[in-house]
1. Suppose each label sits 7 Å from its Cα in the direction of the beta carbon; what would the Ala53-Ala30 distance come out to in nanometres?
2. Taking the Cα centre of region 1-65 as origin, work out the dipole magnitude from +1 charges on Lys and Arg Cβ and -1 charges on Asp and Glu Cβ, in debye rounded to 20.
3. Among Gly92, Leu28, His51, pick out the residue whose Cα is farthest towards the positive end of the charge dipole of the chain, where Lys and Arg carry +1 and Asp and Glu carry -1 on C-beta, about the Cα centre.
4. Could you tell me whether region 27-141 comes out rounded, prolate or oblate from its Cα gyration tensor? Rule is a ≥ b ≥ c as square roots of the eigenvalues, rounded for a/c under 1.5, then prolate if a/b exceeds b/c, otherwise oblate.
5. Under the classification rounded if a/c is under 1.5, otherwise prolate if a/b is larger than b/c and oblate if not, where does region 1-76 fall, given a ≥ b ≥ c as square roots of the Cα gyration tensor eigenvalues?
6. What net charge do the residues around Met40 carry, taking every other residue with its C-beta under 14 Å from that of Met40, with Lys and Arg at +1 and Asp and Glu at -1?
7. Counting heavy atoms of the protein chains only and a 1.4 Å probe, report the per residue accessible area for region 1-99 as a whole number of Å².
8. Can you tell me the relative contact order of region 73-141? Whole percent, Cα pairs under 8 Å, sequence separation 6 or more.
Amino acid sequence: MSIVEETLVLVKPDGVARNLTGEILRRLEAKGYQLVDLRMLQPERELLEAHYAEHAGKPFFGPLVEFMGSGPVVAVRLAGHRVVEGVRTLLGATEPTVAAPGTIRGDLGRDWGASVVQNLVHASDAPETAARELALWFSRR
Ligand code: UDP
Ligand code: MG
């Protein structure tokens with residue numbers, strides 16, 4: 001029996017600014033994952049600090065929150081069998097310079113010499129993380 005799983009994908013401000021939202025979503029859909037929900041928003045600092053809580057205290061935390069709040073992001077609820085792991089594979093390594101060709105970060109990203117790695121897209125790293133992050137970005141208020 002296949003168990004359908006969900007993950008959170010964020011097209012980061014650099015991805016939106018570079019008009020890569022369509023290309024990034026195209027790759028996720030082409031792989032066969034299902035778009036369940038989608039929203040574009042300018043995230044509040046509070047949301048970003050909660051989203052990246054695991055990195056609080058690290059040297060890149062401040063610049064990361066700043067960068068993520070620098071423009072609109074596109075948040076996606078994506079579903080499919082083993083979608084969490086599958087999307088991480090599609091993204092490639094965190095640093096675009098070393099991300100494998102064929103991955104989103106490897107094909108479309110590069111390092112810009114900024115204090116934070118601008119790597120176009122975020123995706124949850126485990127099913128439990130996905131549940132926590134989806135609740136943050138898709139809470140109905
Ligand atoms: N990041 C950074 N410098 C680092 C590590 C991470 O600027 O040394 C940024 C980068 O944008 C990354 C995000 O912080 O995507 C979250 O880091 P994580 O290690 O969770 O990488 P990811 O899960 O996004 O691949
Ligand atoms: Mg991460």
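The values are calculated or read from the model by the stated rules, or taken from the named source; none is laboratory data. The structure displayed is predicted, hence computed values, not measured ones. Note that each Cβ is placed from the backbone with ideal geometry, even for glycine, and that neighbours are counted across all protein chains shown. Only protein heavy atoms, including side chains, enter the accessible area calculation; ligands, DNA and RNA are left aside. Shrake-Rupley method; radii C 1.70, N 1.55, O 1.52, S 1.80 Å.
1. 3.7
2. Computed charge dipole of region 1-65: roughly 280 debye.
3. Of the options given, the answer is Leu28.
4. Judged from the Cα gyration tensor, region 27-141 comes out oblate (a/c at least 1.5, b/c at or above a/b).
5. oblate
6. Net charge in that neighbourhood comes out at +2.
7. Ligands and nucleic acids excluded, the figure is 53 Å² per residue.
8. Across region 73-141, relative contact order equals 27 percent.
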